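Peer 1: Take this structure first; my questions come after.
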Amino acid sequence: MNNFAQSIIILNRRKKQVSEELEEDKSKLLMWSKRVNLSLENNRFDLLKEASLQ
């Protein structure tokens, strides 16, 4: 196998690895986004509750 063919194989492996890492990171980002949105909702609810008590 020549250097060009070996380079293609290495690049394809790296591409697959990067794609997998990207999917993991997208999943983590989605999870954090949901946490932040939930936290914002809870804060808003707390503020509304506090305002109604005054």
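The values are calculated or read from the model by the stated rules, or taken from the named source; none is laboratory data. Here the structure is a predicted model, which is why all the values come from computation and not from measurement. Using ideal geometry, Cβ is built from the backbone for each residue, glycine included, and neighbour counts are taken over all protein chains shown. In case anyone asks, the SASA skips ligands and DNA or RNA and just uses the protein heavy atoms, side chains included. Shrake-Rupley method; radii C 1.70, N 1.55, O 1.52, S 1.80 Å.
Peer 1: Once phi is turned into ³J(HN,Hα) by the Karplus curve 6.51 cos²θ - 1.76 cosθ + 1.60 with θ = phi - 60°, what whole-Hz value does each residue of segment 35-43 show in order, with x for glycine and proline?
Peer 2: Along segment 35-43, the couplings run 4, 5, 4, 5, 4, 4, 4, 5, 5 Hz.
Peer 1: Per residue, how many Å² of accessible area does the chain show with a 1.4 Å probe? If you can, show how the numbers build up before the last one.
Peer 2: Details: 5420 Å² over 54 residues.
It amounts to 100 Å² per residue over the chain.
Peer 1: Size of the dipole of the chain about the Cα centre, Lys and Arg at +1 and Asp and Glu at -1 on the beta carbon, nothing else charged, in debye to 20?
Peer 2: In debye, rounded to 20, the chain gives about 240.
Peer 1: Heavy-atom accessible area of Lys34 with all protein chains present, probe 1.4 Å, nearest 10 Å²?
Peer 2: 130 Å²
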